[in-house]
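Okay, so here's the structure we're looking at.
The values are calculated or read from the model by the stated rules, or taken from the named source; none is laboratory data. Note that the structure is a prediction, hence the values are computed from the model and not measured. When we count neighbours, we look across all protein chains shown, and the Cβ atoms used for this are built from the backbone with ideal geometry, even at glycine. For the accessible areas, the whole protein counts, side chains as well, though only heavy atoms, and no ligand, DNA or RNA atoms are used. Shrake-Rupley method; radii C 1.70, N 1.55, O 1.52, S 1.80 Å.
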Amino acid sequence: MRYPGTLLPLQLDGVAFTAGGRTILEGITARIEAGPRTVILGPNGAGKSVLMRVCHGLLAPTAGAVKWNAPDRPGRRRQAMVFQRPVMLRRSAWGNIIYALKLAGVARKDRKRRAQAALERVGLSRLAQSQARVLSVGEQQRLALARAWAMQPEVLFLDEPTAGLDPTATGEVHRIIQAIHDAGTKIVMTTHNLSLAKYFADEILFLNEGQLLEQASAERFFTQPASAKAQAFLCGELLWH
Ligand SMILES: Nc1ncnc2c1ncn2[C@@H]1O[C@H](COP(=O)(O)OP(=O)(O)OP(=O)(O)O)[C@@H](O)[C@H]1O
(Lines give C-alpha, C1' and ligand atoms only; values in the text may rest on other atoms or scores of the structure.)
Protein backbone atom coordinates (compact mmCIF):
# COMPACT_ATOMS: atom_id res chain seq x y z
CA MET A 1 0.00 0.00 0.00
CA ARG A 2 1.24 3.50 -0.72
CA TYR A 3 0.61 6.47 1.56
CA PRO A 4 0.96 10.04 0.30
CA GLY A 5 3.66 10.93 2.85
CA THR A 6 5.83 7.83 2.55
CA LEU A 7 9.26 7.86 0.99
CA LEU A 8 8.59 4.72 -1.04
CA PRO A 9 8.26 3.68 -3.73
CA LEU A 10 11.60 4.79 -5.11
CA GLN A 11 11.65 5.11 -8.87
CA LEU A 12 14.91 5.03 -10.84
CA ASP A 13 14.53 6.32 -14.38
CA GLY A 14 17.41 5.71 -16.78
CA VAL A 15 20.00 6.28 -14.07
CA ALA A 16 23.60 6.50 -15.27
CA PHE A 17 26.84 7.29 -13.49
CA THR A 18 30.06 8.05 -15.29
CA ALA A 19 33.36 9.08 -13.72
CA GLY A 20 36.71 9.80 -15.34
CA GLY A 21 35.36 8.81 -18.73
CA ARG A 22 34.20 5.40 -17.40
CA THR A 23 30.61 4.29 -17.37
CA ILE A 24 29.90 2.72 -13.99
CA LEU A 25 26.08 2.60 -14.25
CA GLU A 26 24.02 2.69 -17.39
CA GLY A 27 20.29 3.07 -18.10
CA ILE A 28 19.00 1.74 -14.79
CA THR A 29 15.25 1.79 -14.52
CA ALA A 30 13.64 0.13 -11.51
CA ARG A 31 10.97 0.60 -8.93
CA ILE A 32 11.69 -0.21 -5.31
CA GLU A 33 8.56 -0.77 -3.25
CA ALA A 34 7.98 -0.86 0.48
CA GLY A 35 7.91 -4.33 2.02
CA PRO A 36 10.08 -6.98 0.43
CA ARG A 37 13.72 -7.36 1.40
CA THR A 38 15.50 -6.19 -1.71
CA VAL A 39 18.97 -7.49 -2.53
CA ILE A 40 21.15 -5.88 -5.19
CA LEU A 41 23.15 -8.87 -6.37
CA GLY A 42 26.06 -9.02 -8.76
CA PRO A 43 29.74 -9.84 -9.10
CA ASN A 44 32.56 -7.70 -7.73
CA GLY A 45 32.81 -4.41 -9.57
CA ALA A 46 29.28 -4.61 -11.02
CA GLY A 47 28.43 -1.18 -9.61
CA LYS A 48 26.30 -2.27 -6.64
CA SER A 49 27.84 0.15 -4.15
CA VAL A 50 27.67 3.02 -6.61
CA LEU A 51 24.00 2.27 -7.32
CA MET A 52 23.25 2.24 -3.61
CA ARG A 53 25.08 5.54 -3.08
CA VAL A 54 23.10 7.07 -5.91
CA CYS A 55 19.83 5.85 -4.33
CA HIS A 56 20.89 7.18 -0.93
CA GLY A 57 21.83 10.55 -2.43
CA LEU A 58 25.57 10.40 -1.73
CA LEU A 59 26.33 10.46 -5.46
CA ALA A 60 24.35 12.38 -8.05
CA PRO A 61 23.49 10.44 -11.19
CA THR A 62 25.13 11.86 -14.31
CA ALA A 63 21.96 11.06 -16.26
CA GLY A 64 18.45 9.96 -15.40
CA ALA A 65 16.50 10.57 -12.23
CA VAL A 66 16.08 9.18 -8.71
CA LYS A 67 12.55 9.91 -7.56
CA TRP A 68 11.19 9.24 -4.08
CA ASN A 69 7.42 9.13 -3.65
CA ALA A 70 7.61 11.93 -1.06
CA PRO A 71 11.11 13.37 -0.79
CA ASP A 72 12.67 14.05 2.60
CA ARG A 73 12.06 17.43 4.11
CA PRO A 74 15.17 19.31 5.30
CA GLY A 75 16.26 18.10 8.74
CA ARG A 76 14.15 14.94 8.54
CA ARG A 77 16.08 12.14 6.86
CA ARG A 78 13.98 9.03 6.60
CA GLN A 79 16.61 6.86 4.99
CA ALA A 80 19.88 5.65 6.45
CA MET A 81 22.88 3.74 5.12
CA VAL A 82 25.35 1.35 6.72
CA PHE A 83 28.65 0.85 4.96
CA GLN A 84 30.91 -2.16 4.49
CA ARG A 85 33.40 -0.71 6.95
CA PRO A 86 31.73 1.12 9.83
CA VAL A 87 32.60 4.79 10.14
CA MET A 88 32.77 5.68 13.85
CA LEU A 89 33.46 9.01 15.51
CA ARG A 90 36.08 9.28 18.25
CA ARG A 91 33.43 8.95 20.94
CA SER A 92 31.90 6.20 23.02
CA ALA A 93 29.39 3.81 21.48
CA TRP A 94 26.71 5.76 23.32
CA GLY A 95 28.13 9.10 22.15
CA ASN A 96 28.08 7.97 18.52
CA ILE A 97 24.35 7.30 18.63
CA ILE A 98 23.48 10.39 20.66
CA TYR A 99 25.46 12.61 18.28
CA ALA A 100 23.76 11.12 15.21
CA LEU A 101 20.35 11.67 16.79
CA LYS A 102 21.27 15.26 17.61
CA LEU A 103 22.37 15.88 14.01
CA ALA A 104 19.09 14.39 12.82
CA GLY A 105 17.23 16.96 14.91
CA VAL A 106 15.77 14.49 17.42
CA ALA A 107 14.61 16.30 20.58
CA ARG A 108 17.06 16.01 23.49
CA LYS A 109 14.49 14.26 25.71
CA ASP A 110 14.06 11.45 23.15
CA ARG A 111 17.73 10.88 22.36
CA LYS A 112 18.60 8.94 25.52
CA ARG A 113 15.62 6.62 25.26
CA ARG A 114 16.25 5.89 21.60
CA ALA A 115 20.00 5.31 22.09
CA GLN A 116 19.34 2.95 25.01
CA ALA A 117 16.79 0.95 23.06
CA ALA A 118 19.03 0.73 19.99
CA LEU A 119 22.06 -0.50 21.97
CA GLU A 120 19.88 -3.06 23.73
CA ARG A 121 18.47 -4.38 20.48
CA VAL A 122 21.94 -5.09 19.09
CA GLY A 123 23.25 -6.49 22.40
CA LEU A 124 25.78 -3.72 23.06
CA SER A 125 24.38 -2.12 26.22
CA ARG A 126 27.31 -3.27 28.33
CA LEU A 127 29.75 -1.61 25.92
CA ALA A 128 27.88 1.71 25.81
CA GLN A 129 30.72 3.65 27.39
CA SER A 130 33.53 1.97 25.40
CA GLN A 131 35.32 3.95 22.72
CA ALA A 132 33.59 3.04 19.48
CA ARG A 133 36.84 2.81 17.54
CA VAL A 134 38.35 0.17 19.82
CA LEU A 135 35.39 -2.18 19.49
CA SER A 136 35.90 -5.25 17.31
CA VAL A 137 34.86 -4.91 13.67
CA GLY A 138 31.79 -7.06 14.35
CA GLU A 139 30.80 -4.91 17.34
CA GLN A 140 31.36 -1.74 15.33
CA GLN A 141 29.09 -3.07 12.61
CA ARG A 142 26.41 -3.82 15.20
CA LEU A 143 26.88 -0.31 16.56
CA ALA A 144 26.53 1.11 13.04
CA LEU A 145 23.25 -0.81 12.74
CA ALA A 146 22.11 0.46 16.14
CA ARG A 147 22.92 4.02 15.12
CA ALA A 148 20.97 3.64 11.89
CA TRP A 149 18.06 1.91 13.65
CA ALA A 150 17.86 4.67 16.26
CA MET A 151 16.97 7.04 13.41
CA GLN A 152 13.81 4.98 12.83
CA PRO A 153 14.36 5.10 9.08
CA GLU A 154 11.73 4.14 6.58
CA VAL A 155 14.46 2.74 4.33
CA LEU A 156 17.82 1.27 5.34
CA PHE A 157 20.54 0.77 2.73
CA LEU A 158 23.15 -1.83 3.66
CA ASP A 159 26.31 -2.11 1.59
CA GLU A 160 27.80 -5.60 2.08
CA PRO A 161 27.26 -5.32 5.83
CA THR A 162 28.93 -8.65 6.68
CA ALA A 163 32.00 -8.39 4.43
CA GLY A 164 35.06 -9.48 6.38
CA LEU A 165 33.15 -10.65 9.48
CA ASP A 166 33.62 -14.09 11.03
CA PRO A 167 30.65 -16.52 11.03
CA THR A 168 29.50 -15.57 14.55
CA ALA A 169 29.58 -11.83 13.88
CA THR A 170 27.93 -12.44 10.50
CA GLY A 171 25.10 -14.37 12.18
CA GLU A 172 24.56 -11.56 14.70
CA VAL A 173 24.44 -8.93 11.97
CA HIS A 174 21.92 -11.04 10.00
CA ARG A 175 19.74 -11.41 13.08
CA ILE A 176 19.76 -7.63 13.60
CA ILE A 177 18.95 -6.90 9.96
CA GLN A 178 16.06 -9.34 10.12
CA ALA A 179 14.80 -7.64 13.29
CA ILE A 180 14.97 -4.22 11.61
CA HIS A 181 12.95 -5.65 8.70
CA ASP A 182 10.43 -7.22 11.10
CA ALA A 183 10.01 -3.83 12.78
CA GLY A 184 8.86 -2.38 9.46
CA THR A 185 11.92 -0.74 7.89
CA LYS A 186 12.48 -1.40 4.19
CA ILE A 187 15.83 -3.15 3.71
CA VAL A 188 17.88 -2.71 0.54
CA MET A 189 21.16 -4.62 0.70
CA THR A 190 24.02 -5.26 -1.71
CA THR A 191 25.95 -8.50 -1.86
CA HIS A 192 27.90 -10.70 -4.24
CA ASN A 193 27.29 -13.63 -1.90
CA LEU A 194 24.81 -16.09 -3.37
CA SER A 195 24.06 -17.95 -0.16
CA LEU A 196 23.32 -14.72 1.66
CA ALA A 197 21.04 -13.56 -1.16
CA LYS A 198 19.21 -16.91 -1.16
CA TYR A 199 18.79 -16.84 2.58
CA PHE A 200 17.71 -13.24 2.89
CA ALA A 201 16.18 -11.82 -0.29
CA ASP A 202 12.53 -11.51 -1.20
CA GLU A 203 13.44 -9.61 -4.35
CA ILE A 204 16.60 -9.49 -6.46
CA LEU A 205 18.01 -6.71 -8.59
CA PHE A 206 20.75 -8.39 -10.63
CA LEU A 207 23.45 -5.99 -11.71
CA ASN A 208 26.27 -6.79 -14.10
CA GLU A 209 28.80 -4.40 -15.60
CA GLY A 210 26.72 -1.42 -14.55
CA GLN A 211 23.51 -2.70 -16.12
CA LEU A 212 20.40 -3.92 -14.36
CA LEU A 213 19.75 -7.23 -16.09
CA GLU A 214 16.88 -8.46 -13.92
CA GLN A 215 14.45 -7.40 -11.24
CA ALA A 216 12.53 -10.42 -10.01
CA SER A 217 11.24 -12.18 -6.94
CA ALA A 218 14.03 -14.19 -5.30
CA GLU A 219 12.12 -17.40 -5.98
CA ARG A 220 11.84 -16.66 -9.67
CA PHE A 221 15.41 -15.38 -9.99
CA PHE A 222 16.96 -18.44 -8.39
CA THR A 223 14.81 -20.99 -10.21
CA GLN A 224 14.37 -19.32 -13.60
CA PRO A 225 16.93 -16.57 -14.18
CA ALA A 226 15.94 -14.77 -17.36
CA SER A 227 19.35 -13.60 -18.55
CA ALA A 228 22.31 -15.70 -19.65
CA LYS A 229 24.58 -13.60 -17.41
CA ALA A 230 22.49 -14.37 -14.35
CA GLN A 231 22.51 -18.06 -15.22
CA ALA A 232 26.30 -17.94 -15.48
CA PHE A 233 26.54 -16.07 -12.18
CA LEU A 234 24.35 -18.64 -10.44
CA CYS A 235 26.57 -21.41 -11.78
CA GLY A 236 29.53 -19.72 -10.16
CA GLU A 237 31.10 -18.51 -13.37
CA LEU A 238 32.84 -15.26 -12.66
CA LEU A 239 31.69 -12.38 -14.76
CA TRP A 240 34.12 -10.04 -13.13
CA HIS A 241 37.02 -8.89 -15.22
N1 LIG B 1 32.87 7.49 -6.64
C2 LIG B 1 33.37 6.79 -7.67
N3 LIG B 1 33.89 7.43 -8.73
C4 LIG B 1 34.38 6.75 -9.77
N5 LIG B 1 34.43 5.42 -9.85
C6 LIG B 1 33.95 4.72 -8.84
C7 LIG B 1 33.39 5.36 -7.69
N8 LIG B 1 33.01 4.40 -6.84
C9 LIG B 1 33.31 3.21 -7.43
N10 LIG B 1 33.87 3.40 -8.64
C11 LIG B 1 34.25 2.34 -9.59
O12 LIG B 1 33.04 1.77 -10.06
C13 LIG B 1 33.15 0.37 -10.26
C14 LIG B 1 32.04 -0.34 -9.51
O15 LIG B 1 32.31 -0.22 -8.12
P16 LIG B 1 31.33 -0.70 -6.98
O17 LIG B 1 32.06 -0.50 -5.69
O18 LIG B 1 30.01 -0.07 -7.14
O19 LIG B 1 31.21 -2.25 -7.32
P20 LIG B 1 30.48 -3.37 -6.48
O21 LIG B 1 29.56 -4.07 -7.39
O22 LIG B 1 29.92 -2.80 -5.22
O23 LIG B 1 31.71 -4.33 -6.14
P24 LIG B 1 32.11 -5.13 -4.80
O25 LIG B 1 31.21 -6.32 -4.74
O26 LIG B 1 33.52 -5.51 -5.09
O27 LIG B 1 31.99 -4.20 -3.64
C28 LIG B 1 34.55 -0.01 -9.77
O29 LIG B 1 35.37 -0.17 -10.91
C30 LIG B 1 34.99 1.18 -8.94
O31 LIG B 1 36.38 1.36 -9.03
Q: Just the number, please: carbon plus sulfur as a percent of the accessible area of the chain, 1.4 Å probe, no ligands or DNA/RNA counted.
A: 51
(Q) For a quick check of your reading of the filter: which trypsin sites (Lys or Arg not before Pro) in the range 82-111 sit in a DSSP loop and have no more than 13 other Cβ atoms within 10 Å? (A) R90
Q. Considering the dipole of the chain built from charges on the beta carbon (Lys and Arg +1, Asp and Glu -1) around the Cα centre, which of H56, L207, T191 is farthest to its positive end?
A. H56
Q | Accessible area of the range 1-154 divided out per residue, in Å², using a probe of 1.4 angstrom | A | 51
**Q.** Exceeding the 29 Å Cα-Cα cut-off - candidates K112/K198; K67/K102; K48/K198; K112/K186; K109/K186; K48/K112
**A.** K112/K198; K48/K112
Q: Calculate, in whole percent, how much of the Cα-Cα pair population of the range 16-113 lies beyond 15 Å.
A: 72
Q. What per residue convex hull volume, in Å³, comes out for the chain when only alpha-carbon positions are used?
A. 135
Q: Please work out, to two decimal places, the log10 of the ratio I(q)/I(0) at q = 0.18, 0.25, 0.27 Å⁻¹ from a Debye calculation in which every Cα of the range 79-152 carries one identical scatterer.
A: -0.58, -1.16, -1.36
Q | Relative contact order of the range 79-152, defined on C-alpha pairs under 8 angstrom at six or more residues apart (%) | A | 48
Q | Förster-model FRET efficiency, 45 Å R0, S217 and A117, C-beta, rounded to 0.05 | A | 0.85
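What number do you get for the range 68-202 when its Cα radius of gyration is normalised by 2.2 N^0.38 Å, N = residues?
Working it through for the range 68-202, the quotient is 1.01.
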Q: Determine the percent antiparallel among the DSSP beta bridges restricted to the chain, to the nearest 5.
A: 55
